[in-house]
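The numbers here are math on the coordinates, done by the rules we state, and not lab data. None of these values were measured; they are calculated from a predicted model. Positions of Cβ are backbone-derived with ideal geometry, glycine not excepted, and every protein chain shown enters the neighbour counts.
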Amino acid sequence: MKQNIKLMLGITLVVVLGVAVRVYLIWRERNSTMPQQAEYSRPVSDDDLVQVRKIYPATLADVRSLIGKPLWVSAPGQFNYFPCSGKHADYSHSAGVLLGADRIDVKDVIEQVAPHSAQTRVPGGSRQVLIVFTQAKDTGGKLYAAPIGYVQDGYNLYLDGYFFYDDPHQMYHWPADIWQAIDQHREITGMNELQTLLAIGPAISVDSNDFGNRTAGYANNGSPLSVTFVHNKSTTITPKN
């Protein structure tokens with residue numbers, strides 16, 4: 001009987017020691033990888049702490065709630081816009097794409113079937129949803145329309161993430177020369193990657209995933225540029241052929 005008890009205690013001890021060793025090995029493996037993971041994390045900047053308001057639009061009424069209000073473009077180069085007369089957009093004559101930080105004033109919201117030949121990045125669906133607007137920089141008050149969604153099994157709307165609902169000039173406390181360059185849609189040395197996005201559009205190529213320490217290529221509305229960032233400041237700006 002005593003031998004059986006000793007045998008059971010011995011087996012139990014071996015099992016406990018095995019579990020303890022396994023737990024220790026898992027702990028050591030996880031903790032040994034932590035410095036490597038931290039090495040690739042991007043430091044939080046003041047820009048990351050800015051609260052960008054969203055409205056989560058899901059219905060036409062959500063979009064119509066913007067009538068009479070200003071919007072500022074946060075994702076340049078994503079929306080083509082067209083001349084608009086009354087409640088009809090002229091898809092045959094593109095007026096270009098909306099550029100970063102530009103202010104538009106929403107006058108109306110319309111729905112229209114887009115021709116297959118339409119130059120637009122928004123899917124056609126059964127019909128498109130367009131905002132009718134004037135541009136703050138256009139003193140003539142011309143009306144334009146930009147597709148910002150489409151109807152297909154309900155409304156599919158692109159607003160959050162593409163527009164600021166509040167003036168970014170007040171949200172981001174950047175130096176005056178940086179804001180002047182952004183408003184003129186040109187790149188200058190010293191800009192970070194977010195400022196560059198608003199100034200000349202999204203990067204179309206990068207040579208690294210190390211945000212803020214890489215060289216990126218930009219279409220720049222038809223005038224391609226290569227921009228090198230060091231510590232999230234542009235140091236070299238080179239035209240690309």
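Want the number for Asp62 to Ala95: 0.36 nm per residue separation, take away the alpha-carbon distance, what's left? Working it through step by step, the gained length comes to 9.3 nm.
Once the C-beta distance of Ser223 and Ile188 is scaled by a Förster radius of 25 Å, the resulting FRET efficiency is 0.95 to the nearest 0.05. The distance between label points at Leu143 and Asp47 comes to 3.7 nm (points 7 Å beyond Cα on the Cα→Cβ vector). Amide H to amide H distances under 5 Å link Asn232 with Asn213, where only residues 5 or more positions off or on other chains count and H is placed in the peptide plane. Taking Cα centre as origin and charging only the Cβ of basic (Lys, Arg, +1) and acidic (Asp, Glu, -1) residues, the dipole magnitude of the stretch 60-164 rounds to 160 debye.
Using the Cα centre of the stretch 42-114 as the reference point, and only Cβ charges (+1 on K/R, -1 on D/E), how large is the resulting charge dipole? Debye, rounded to the nearest 20. Numbers along the way, then the final one.
Values: 8 positive and 9 negative charges, 32 e Å.
I would put it at about 160 debye.
Which pairs, out of Lys69/Lys233; Lys69/Lys137; Lys137/Lys233, put more than 23 Å between their alpha-carbon atoms? Table pairs above 23 Å Cα-Cα are Lys69/Lys233; Lys137/Lys233.
Rounded if a/c is under 1.5, else prolate if a/b is larger than b/c, else oblate: which is the stretch 60-164, with a ≥ b ≥ c the root eigenvalues of its Cα gyration tensor? Intermediate results must be reported in sequence, preceding the final value.
Working: a/c = 1.41, a/b = 1.22, b/c = 1.16.
Because its axes are fairly even, with a/c under 1.5, the stretch 60-164 counts as rounded.
Simple point charges give the picture: +1 on the Cβ of Lys and Arg, -1 on the Cβ of Asp and Glu, and for the stretch 106-236 a dipole about the Cα centre of about 300 debye.
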